[in-house]
Amino acid sequence: MVGAQLRDTAQELAAVLWREHTVYRERSGGMVIRGEHVRRWISLAPAGGRDEILVRAGRILDGGTTAPARSEAVVPLSAGTGVLAATCRRLLADAAADAARPAPDRETAGRSGGSRKPRKSARRNGRGRHTGFGSWVILVCVAGVIALFAYSSAMHG
């Protein structure tokens, strides 16, 4: 009974929140509403108490994977679609605000006080500080041109 009621509630809620949406059942029995155009998702799952649902909201990352839930709330299932939609909008706003905040710098996250300039990352394009193959080819070509110039200068005088 709860599964059918949860599915119906998810369909109604999806229509209220977004014109474009996908609703599907997740493995645990809850329902997920995905808004690809706003890059957000909402999950509705039975909560511990009877007639309560756990509402979670999060972001959809590049490639279509979902980020972990940023916020959650427990809402009575009998509260109605309007109350549920208001709760979802608040959770979605929280998720959007968390996404807009820059991630804390790893070096300064554990320290309090002192605002040292962050060091530049040693990783560029995922390679680190190592010289790539293309750079070695250029270095060998430049060395060859210098050697050729030195040889021709020595021969012709």
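The values are calculated or read from the model by the stated rules, or taken from the named source; none is laboratory data. Because the structure is a prediction, the values reported are computed rather than measured. Reconstructed Cβ throughout: ideal geometry from the backbone, glycine too, with neighbour counts over all protein chains shown. Please note that ligands, DNA and RNA were not included when accessible areas were found on the heavy atoms of the full protein model with its side chains. Shrake-Rupley method; radii C 1.70, N 1.55, O 1.52, S 1.80 Å.
Name the residues in the range 2-13 that are hydrophobic (A, V, I, L, M, F, W, C) and either under 10 Å from T81 (Cβ atoms) or in a loop (DSSP other than H, G, I, E, B) (or both), would you? Can you show your working first?
Restricting attention to the range 2-13, the residues satisfying the condition of being hydrophobic (A, V, I, L, M, F, W, C) are 2, 4, 6, 10, 13.
Of everything in the range 2-13, just one residue is hydrophobic (A, V, I, L, M, F, W, C) and either under 10 Å from T81 (Cβ atoms) or in a loop (DSSP other than H, G, I, E, B) (or both), namely L13.
Is there any pair with a first residue in the range 85-110 that is of a type in the set (S, T, N, Q) and a second that is modelled with pLDDT under 75 whose Cβ atoms are under 8 Å apart and which are 6 or more apart or on different chains, and what are they? If the second residue must be modelled with pLDDT under 75, the pairs left are T108/G114; T108/S115; T108/R116; T108/P118. For the range 39-83, which residues satisfy the criterion of being in contact with a Gly (Cβ under 7 Å, 6 or more places away or on another chain), open to solvent by 70 Å² or more (accessible area, probe 1.4 Å) and among the small types (G, A, S)? If the condition is that a residue be in contact with a Gly (Cβ under 7 Å, 6 or more places away or on another chain), open to solvent by 70 Å² or more (accessible area, probe 1.4 Å) and among the small types (G, A, S), then no residue fits.
Within the range 61-76, residues that are outside any strand (DSSP E or B) reach partners that are hydrophobic (A, V, I, L, M, F, W, C) and at pLDDT below 80 with beta carbons closer than 6 Å, at six or more positions or on different chains, in the pairs L61/A67; R70/A95. Scanning the range 14-33 for residues that are assigned to a strand (DSSP E or B), open to solvent by less than 80 Å² (accessible area, probe 1.4 Å) and over 17 Å from A73 (Cβ atoms) returns T22, V23. With respect to E36, determine if the residue is over 16 Å from A85 (Cβ atoms), among the acidic types (D, E), at pLDDT 85 or above and open to solvent by 30 Å² or more (accessible area, probe 1.4 Å). Spelling it out, it is not the case that E36 is over 16 Å from A85 (Cβ atoms), among the acidic types (D, E), at pLDDT 85 or above and open to solvent by 30 Å² or more (accessible area, probe 1.4 Å).
Are any of the residues in the range 88-101 within 30 Å of T22 (Cα to Cα), part of a helix (DSSP H, G or I), at pLDDT 70 or above and open to solvent by 100 Å² or more (accessible area, probe 1.4 Å)?
Within the range 88-101 (the criterion being within 30 Å of T22 (Cα to Cα), part of a helix (DSSP H, G or I), at pLDDT 70 or above and open to solvent by 100 Å² or more (accessible area, probe 1.4 Å)), the answer is yes, since at least one residue qualifies.
A Cβ distance below 8 Å, combined with a sequence gap of six or more or placement on separate chains, defines the contacts here; from the range 23-43, residues that are closer than 15 Å to D8 by Cα reach residues that are open to solvent by 90 Å² or more (accessible area, probe 1.4 Å) and among the basic types (K, R) in the pairs V23/R7; R25/R7; M31/R7; M31/R25; V32/R25.
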